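Written out below as structure tokens is the structure these notes cover.
Computed from the coordinates by the stated procedures, all read-outs in this text should not be read as laboratory data. The structure presented is a predicted model; accordingly, all values stated were derived computationally and were not measured. Note: ideal-geometry Cβ built from the backbone for every residue, glycine included; neighbour counts use all protein chains shown.
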Amino acid sequence: MSDGPTTPPSAFAGKLRRLDAVWFYRALFLVAFLGTWQLASGPLLDPFWVSSPSAIGATLVKWTRSGALQYHLLVTFKETATGFVFGAAFGILAAFVIGSSDILRRTVDPFLTAVYGVPKVALAPLFIMWFGIGLAPKIVLAAVSVFFLVLFSTIGGIAQADRKMVDALRIMGAGRFTVHRRVTFPSALPWVFSGLKLGLPYGFVGAVAAEMMASNAGIGFLTQNAAGQLDTAGVFAALFALMVVTAALNEGLGRLEHRIFRWR
Amino acid sequence: MENPGSTRRDFGPARAALDIEFRKVGKVFASRKGQFEVLRDFDLEVRKGEFLAIVGPSGSGKSTVLNLMAGLDTPTSGTVACHGHPITGVNSEIGYLTQHDSLMPWLTVEDNVAVPLEIRGIPKAERRERVRRMLADVGLGGFEHHHPNQLSGGMRKRAMLARTLIYDPPTLLMDEPFGPLDAQLKVVLQADLMRLWNATGKTVVFVTHDIVEAITLADRVIVLSHRPSRIKLDEAIAIGRPREVHEARFAPGFEDHYRRLWSAIEIGGAEKTP
């Protein structure tokens, strides 16, 4: 009888080998890229404009020794993380409120889309006017950037919830809350996650952009300050540090996602 | 007509013995292409404890009839009553086993089957115990912690059946539940269904396009006509119970039932709809 469990074929070892190869190629690509840059800087390109990996490395070491890098990174990280948490929480919450009623969703949709279309960075001057030049405007800008991405993604996810699954639950006697908890939320969760993953870098964009306009701390300030001194290596070093943090956080989100969706 | 199965249940006074009742039900669906009328002046009585099979050409209102019983659709005219009162919203007095796989992929088999008990506020320990027994009953013992995507099609059907039976609804609606399964597996699951249903006295309304399946399982088979559907043939099945699913087709009378049902469906297929 064909009524047996379907066990996926275990190709774990082969997968691991492929993964190793991919990591090897990645390292190769990185070395080739940095090597070319290093060699081209000087004979081919003016180091004043393009700097070089070694100069950037030296700046990073200098800043790390003095503690400046950690300080500025932490400021940006705090702004982004706070904004991210607020933006994501409100985004998910708003999506469930809006997504629970078809009429409401269709009513607010054009307005949300209109606001979403505004580049969030353009709101920075407004937030600086409202909230001063401290952490607040950066947090708000990061939050707003994350909010819309998570909101749209989650609303999309809620709309994808299987109607038949909802009906099955209602016939079993489930109320609205149980339907949300057991069907709507879990089926929207992959979309929530893609919203979060998309939102994270935009959160940094928001925070850094606001820093560049008015602040005395953070990665945005650091790049702006280095550029003001015509220190190309400094600009690259600040951007590099930001890149590492963003990549690490994204990787963390990816792992969390993998843990949550083990059923797939 | 000789009916050796009639001793199994004793039907009381007509009204009280009705599980589901359609009175002059009309159902019109509106779509972009225009309106189409699925049911017109449709009357149907399903007795308590009866196993009723509904067959008919595709596009006749078989699934619509079940959705009306489940309260997922509302009649355009007329009334549908369940257990003596008209259905107004989603009917949670029934269990509905759909063709569509509605197991939640993010929950284990155990948690899926426990959902109806969770809705009823049954404590966790009792829930676990009842789920364990029910899974053993449907032949899924040992698969408690599997996720639906780790199960075969037949096993998922079993899990859905377990989830429907566990809260003990007095009425079961089944929409081609074994439709896409292979022939042998279908017979195995039919036998399991018979075994699980026999002692319970539950009313079953079973939609299928398989006449053999209908005769094998049901006390009564109705044939629906093309849209707008009406009952074309109402055939009481004179095969005794308990039935062996793989023996039923050799029972005396099976052939006559088959011929009558088949010709009713065939003629229905050739008929022009108004």
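Give, as a single signed number, the net charge of other residues whose beta carbon lies under 10 Å from the beta carbon of B:VAL46, with Lys and Arg counted +1 and Asp and Glu -1.
Values: positive: B:ARG47, B:LYS48, B:ARG220; negative: B:ASP19, B:GLU21, B:GLU45, B:GLU50.
Residues near B:VAL46 contribute -1 overall.
Please report, in whole Å³, the volume per residue of the convex hull around the C-alpha atoms of chain B.
Working: hull volume 40.6 nm³, N = 274.
Convex hull of Cα atoms, per residue: 148 Å³.
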Q) Pick from B:SER58, B:SER77, B:SER31: which is most flexible by mean-square fluctuation in a GNM of chain B where alpha carbon atoms under 10 Å apart are linked? A) B:SER31
Q.
Need the C-alpha centroid separation for the stretch B:172-231 versus the stretch A:42-65, integer Å.
A. 77 Å
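If you take each beta carbon of peptide B:94-104 and count the beta carbons of other chains within 10 angstrom, what is the mean? Spell out each step's value before the answer.
On the way: counts 2, 3, 5, 1, 5, 1, 6, 4, 10, 2, 9.
Mean shielding count: 4.
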Q: Show the residues, 5+ positions off or on another chain, whose built amide H is closer than 5 Å to the amide H of B:LEU224.
A: B:VAL55, B:GLY56, B:LYS232
Q. Nearest 10 degrees, 0 to 90: what angle lies between the long axis of helix A:68-99 and the longest principal axis of chain A (Cα atoms)?
A. 20 degrees
Q. How large is the convex hull of the Cα atoms of chain A per residue, expressed in Å³ as a whole number?
A. 182 Å³
(Q) As an exercise, find the ratio Rg/Rh for the protein assembly as shown from alpha-carbon atoms, using the Kirkwood inverse-distance average for Rh. (A) 1.14
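Report relative contact order for chain A in percent, whole number only (criteria: Cα-Cα under 8 Å, sequence separation at least 6).
Averaging sequence separation for qualifying contacts and normalising by length gives 23 percent for chain A.
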Q. Using θ = phi - 60° and the Karplus form 6.51 cos²θ - 1.76 cosθ + 1.60, what ³J(HN,Hα) does each residue of the stretch A:163-172 get, whole Hz, x for Gly and Pro?
A. 4, 5, 5, 5, 4, 4, 5, 5, 5, 6
Q. For the stretch A:52-260: lysine pairs with Cα atoms under 30 Å, gap of 8 or more or different chains, count?
A. 9
Q: Compare B:LEU189, B:LEU72, B:LEU224 in a GNM of chain B, Cα atoms joined below 10 Å, and give the one with the largest fluctuation.
A: B:LEU72
**Q.** Sequence-distant residues sharing a close amide H with B:PHE42 (under 5 Å, placed H)
**A.** B:LYS24, B:VAL25, B:GLY26
Q: Tell me the trypsin sites (Lys or Arg not before Pro) within the stretch B:107-187 that lie in a loop according to DSSP and have at most 13 other beta-carbon atoms within 10 Å.
A: B:ARG120
